[in-house]
Structures are given as structure tokens and as C-alpha cells.
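Okay, structure first, notes after.
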Amino acid sequence: SCGTPANTAAATAPQMLTIGVPEATVAGTDLGIRQVMATQSLEGLTQLTEDGRVVPRLAESWKWENNGRRLRVTLREGITFHDGTPLTSELAASILREAIARPGNQNRYPSFRDVTAVRVDGTRELIFDVSQSSAFLPENLELPLSIGPETIGTGPYQVVKNTPTEIVLEAFDKYHK
């Protein structure tokens, strides 16, 4: 672990942590060090806790309406992507519509099959219309949001270098937490 130097001047200098991850034996971009990169740079609307409960992340709150056929999600204020783009309901809806339409995501996040529309209501609210009650939709909204290359997210660290041999992350000074 990183120790804290006794000298205060040295404590203000940037700290570096090098992480070694064994190569994955299965092909895939979400394994090994790329998985570490994603967990530090990308976030979803929700996240799962250690005990499997869903809690807000980029979402501030959510509530079911229309007898469980509509989920209204309120986004946190002041969220920005690493390139300075603000997270708005319109941008989030666009990202999610595209992600929900991908067959691979429908297998990974099964409640996406029930989503019939993703709409916006103002600058901070998303509305998910579903074909049937879908208790797992808030859980599946842990899908990481990104814009442009898959490394531009809202997480506490931003990717500054991403090559086949090296990935470098730096603290994101505008992180919302």
C-alpha cells in the first residue's frame, strides 16, 4: 500500500501506484487490467453493493410509476465526463438507447429486453417504459456509461494512456464525489 511521508512537502507530490494483473486466459476486453481500468474510469446510473443491493451512483434516485411499467430516474447534478461534457438526461438517454439495442447487452442485462422506450423529462430525469414489470432494471442500470472511445467516463480516474502494453490513469479533479 502507499504510505504517507512524514514530510509535508513530499506529501503534496503526486503518488503513483503500479498494478500488475496477470494476462487473462480468455479473450475479452473486460478482463484483466482492462477490467480494472473500467471500474476506475466508468460509472453506471446504479451500482451493486457487496450484499447485492442496488444503490444510486450517477442516479440520485428512482421510482416506479404506472403500476411498475415505468421507471423514472433522476440524475445527480454536476456530473461531467472526463472531456468536460456534462451528463444530461438527453445524453444519458442516447447512450442507454444504443446500449439497450445491442444484443450482447440484452444477454448481459436481461431486463433490457423489457425496455420499450427511454425518454427524457427535463435535464435530469430519464423515463424507462417497460413492457412488463421488471424488478431488475435498476440493478441492470449499473451498465457503465461512456462517450466517444469507451474510456471517456465519469469515474474518479481518467484514462490518459491506453496502449496494448500500458494503461495510465490519473485522478479526475472534477469527480462528483
Residue in region 51-107 that is surrounded by the most Cβ atoms within 10 Å (Cβ to Cβ), counting only those that are of a type in the set (Val, Ile, Thr) and under 20 Å from residue 121 (Cα atoms): 73
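Okay, residues lined up against (1) part of a helix (DSSP H, G or I); (2) touching a Cys at 6+ places or on another chain (Cβ under 6 Å); (3) of a type in the set (Gly, Ala, Ser):
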{"residue": "77", "(1), (2), (3)": "no, no, no"}
{"residue": "83", "(1), (2), (3)": "no, no, no"}
{"residue": "96", "(1), (2), (3)": "yes, no, no"}
{"residue": "116", "(1), (2), (3)": "no, no, no"}
{"residue": "155", "(1), (2), (3)": "no, no, yes"}
Looking only at region 26-48, decide whether some residue is closer than 25 Å to residue 177 by Cα, assigned to a loop (DSSP other than H, G, I, E, B), open to solvent by 50 Å² or more (accessible area, probe 1.4 Å) and touching a strand residue (DSSP E or B) at 6+ places or on another chain (Cβ under 6 Å). no
When residue 174 is evaluated against the numbered criteria (1) surrounded by fewer than 17 Cβ atoms within 10 Å (Cβ to Cβ); (2) more than 23 Å from residue 16 (Cα to Cα); (3) of a type outside the set (A, V, I, L, M, F, W, C), which criterion, by number, is the only one it fails? (2)
List pairs: first residue in region 147-159 and within 14 Å of residue 170 (Cβ to Cβ), second residue in a loop (DSSP other than H, G, I, E, B) and among the β-branched types (Val, Ile, Thr) anywhere in the structure, Cβ distance under 9 angstrom, at least six positions apart or on different chains. 152/85; 158/151; 159/151
Condition met for residue 29 (modelled with pLDDT under 75, over 26 Å from residue 141 (Cβ atoms) and β-branched (Val, Ile, Thr)): no
In region 120-154, what count of residues is obtained for those that are surrounded by 14 or more Cβ atoms within 10 Å (Cβ to Cβ), touching a helix residue (DSSP H, G or I) at 6+ places or on another chain (Cβ under 7 Å) and more than 23 Å from residue 39 (Cα to Cα)? 7
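The values are calculated or read from the model by the stated rules, or taken from the named source; none is laboratory data. All figures in this text were calculated on a predicted structure; none of them were measured in a lab. Methodologically, a virtual Cβ is constructed for each residue, glycine included, from the backbone with ideal geometry; neighbour enumeration extends over all protein chains shown. Just the protein is used for accessible areas: all its heavy atoms, side chains included, with ligands, DNA and RNA removed. Shrake-Rupley method; radii C 1.70, N 1.55, O 1.52, S 1.80 Å.
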